[in-house]
1. Does residue A:392 satisfy the condition of being under 16 Å from residue A:173 (Cα atoms) and either in a helix (DSSP H, G or I) or not aromatic (Phe, Trp, Tyr) (or both)?
2. Is it the case that residue B:100 is surrounded by 17 or more Cβ atoms within 10 Å (Cβ to Cβ) and away from chain A (no Cβ under 14 Å)?
3. If we keep just the residues of region A:336-354 that are at pLDDT 90 or above and out of contact with any helix residue (DSSP H, G or I) (no Cβ under 6 Å at 6 or more places or on another chain), which is farthest from residue A:390 (Cα to Cα)?
4. Residues to consider are A:262, A:246, A:230, A:220; find the one that is farther than 30 Å from residue A:364 by Cα and within 25 Å of the chain's Cα centre (by Cα).
5. Any residue at all in region B:32-43 that is within 14 Å of chain A (Cβ to nearest Cβ) and of a type in the set (Gly, Ala, Ser)?
6. Within region A:56-168, considering only helices (runs of 4 or more DSSP H) that don't extend past its boundaries, which have at least 1 residues that are closer than 21 Å to residue A:201 by Cα, in contact (Cβ under 8 Å) with a residue 40 or more places away in the chain and touching a helix residue (DSSP H, G or I) at 6+ places or on another chain (Cβ under 8 Å)?
7. Looking only at region B:64-86, filter to residues that are among the acidic types (Asp, Glu) and surrounded by fewer than 16 Cβ atoms within 10 Å (Cβ to Cβ); which one of those is farthest from the other protein chains (Cβ to nearest Cβ)?
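The values are calculated or read from the model by the stated rules, or taken from the named source; none is laboratory data. Since the model is a prediction, treat every value here as computed from it, not as a measurement. Cβ sites come from the backbone with ideal geometry, for glycine too, and all protein chains shown count toward neighbours.
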Amino acid sequence: MHNAEEHLSHVIFGWDPTWVAVTVLLLIYGIIMLEKFNRAVLSLLGAGLMIFCGVITQKQAMAGIDFNTIGLLTGMMVIVAISQKTGMFQYVAIKAAKSVKGSPWGILVMLSVVTAVFSAFLDNVTTVLLIAPVTLLITEALGVRPYPYLFAQILASNIGGTATLIGDPPNIMIGSAAHLSFYDFLVNLAPITPVIFAVVLLCVWFMFGRDLHASEENKALVMQFNENEAITNPQLLKKCLFVLFAVIAGFSVAHSFHLEPASIAMFGAAVLLLLQSFGQSLHEKDHAYEGVMAEVEWTTIFFFVGLFIIVTGVEHTGVIALLAQKTLSLTGGSMTATAAAVLWVSAIASALIDNIPFVATMIPLIQSMAPTFGGEEALVPLWWALALGACLGGNGSLIGASANLIVAGFAQRAGYPIAFLEFLKHAFALMLLTILVAHAYLYFRYLV
Amino acid sequence: MKAEDIMVREVETVQLHENVGDILHRMRTLKYRTLPVIDEHGRVLGEFSTYKILTTIVPSYITSGDLDHVEFVPDIGVLKRRYNEIASKIVADIMNPSPILVDEKSSVLSVAAELLASHHSSLAMVVSKDKHLKGVVARSDILCFVQESGVENRA
């Protein structure tokens, strides 16, 4: 760990580096919460301030950027950008809706399952953006209000995202920092998510499901949706499925070959970029390539870059280690109490603020607890507590996760606005319930 | 050649309080796609168009979402249902408040460019300084002008 005194002389005006770093972090996080400015711009400004104020050097800042997270995110974004054009999501959603013979509750469950499964392997925002329009078309045909469906899909996307290493950005960051593999996530988080999902669906049944009714005529209308028409480009679909399965298989075995997930995602992205326009003219290839690059969410990528630098700055002052010590003195150095604290604090915090900066800050905090618990291996329950808290906590309010905001914005434009308070009323208690289930799981599996 | 030289001066117009369904009937009979919306003093307030009606009744989750096409959707009656919801509304609810406005002295070339730059308006409204409607120019008026005069007159 770096010592505060070591940097003291470099900080401008001889200010205390701890105060400068903490002020920049709180200021930037605070302004991000206001949602008046682009979060990528803010995080890059904060990163610049850390360097200009002399808290860290550019070299230290660069070393603080987790390029495994950046590479994995970018690679998956490229793969998703190409896959979303194939109609694959719409095909699966319609197929699922028809498999339950147009029953309104059955459709709610099936579309939620589809959302959860896609979210576990692909980006949550893309998943909900592609499933939501199909949902609205189906609810229009059924003659039922779309709110329960969209509500269930928001929860499903965050729960599905919890299940795997690549499901949600917090998991990507945690996996990368703690050297936990895709397989580790599959073995430790994937088993509990179906249970949590089932509990949530049961609650949704009592809240909305039992009141959903549709006439036989309208159900028959849903059966007339033609999923085969949704597939726009069967050739491209085959290429996408090939690369997607290869990449997921690659993630599962990566650890044994000492490969990091970012290498696999980026290689998969490059292969799919090559395949997508194979045999076309150079001009067409360039056009297709530019189109995909424009779809990559650079805002998110730059947001991560800035954030990693801000957190590195704060970490260098030793204040995060100090905070970890304080936390440990509160929990008496007990793993059971510390895991519970990490889980619940992460859940509440993630419901209220963006879980990405929160997790970025929590990672070094947990890392600095290693000596107390006897080495890095002993921290594993804390990592699962952080992942479960941060991912599931996103369900607590409409601003808890990006997918929630995307669905809300979409529903607003479609003429079915989701009110902040109505969502909070329904979702916050449900979120606490899922954390309770997660708590029981953590306790019985890792802490007894 | 200026906008005032090629514009159509006899213009069918509508007012804010008129009924959407009635106006649509009138537009179909007269084969108009766009009508200027004016106040009692003849000042332009907006435009009322078949384009705007269509964008209102086609759900935005189809046009602004991430769906490339909706060929997989059967006839779910959504257009008819949504039209019935707006048929009894008034022009003020549906109109586009920012139509293409051009000056009487604007060149025909600039009017043509304005018409092309707009994806949703097919009519340029020629107005005086205080927004009084003097006439309108449609794409066909420009084509009519170029075909008949042969070469664009620079005078």
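1. So residue A:392 fits the description; yes.
2. Here the answer is yes, as residue B:100 does meet what is asked.
3. A:337
4. Working: A:262 fails: farther than 30 Å from residue A:364 by Cα; A:230 fails: within 25 Å of the chain's Cα centre (by Cα); A:220 fails: within 25 Å of the chain's Cα centre (by Cα).
When all the criteria are applied, what remains is A:246.
5. Applying the first criterion (within 14 Å of chain A (Cβ to nearest Cβ)) to region B:32-43 yields none.
So far as region B:32-43 goes, no, none of its residues is within 14 Å of chain A (Cβ to nearest Cβ) and of a type in the set (Gly, Ala, Ser).
6. Values: elements: A:58-64, A:67-83, A:88-99, A:104-121, A:124-142, A:147-162.
In region A:56-168, A:88-99, A:104-121, A:124-142, A:147-162 are the helices (runs of 4 or more DSSP H) which contain 1 or more residues that are closer than 21 Å to residue A:201 by Cα, in contact (Cβ under 8 Å) with a residue 40 or more places away in the chain and touching a helix residue (DSSP H, G or I) at 6+ places or on another chain (Cβ under 8 Å).
7. Only one residue tops the list, namely B:85.
Here's the yes/no breakdown for (1) within 25 Å of residue A:151 (Cα to Cα); (2) touching a Leu at 6+ places or on another chain (Cβ under 9 Å):
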| site | (1), (2) |
| --- | --- |
| A:380 | no, yes |
| A:390 | yes, no |
| A:394 | yes, no |
| A:420 | yes, yes |
| A:435 | yes, yes |
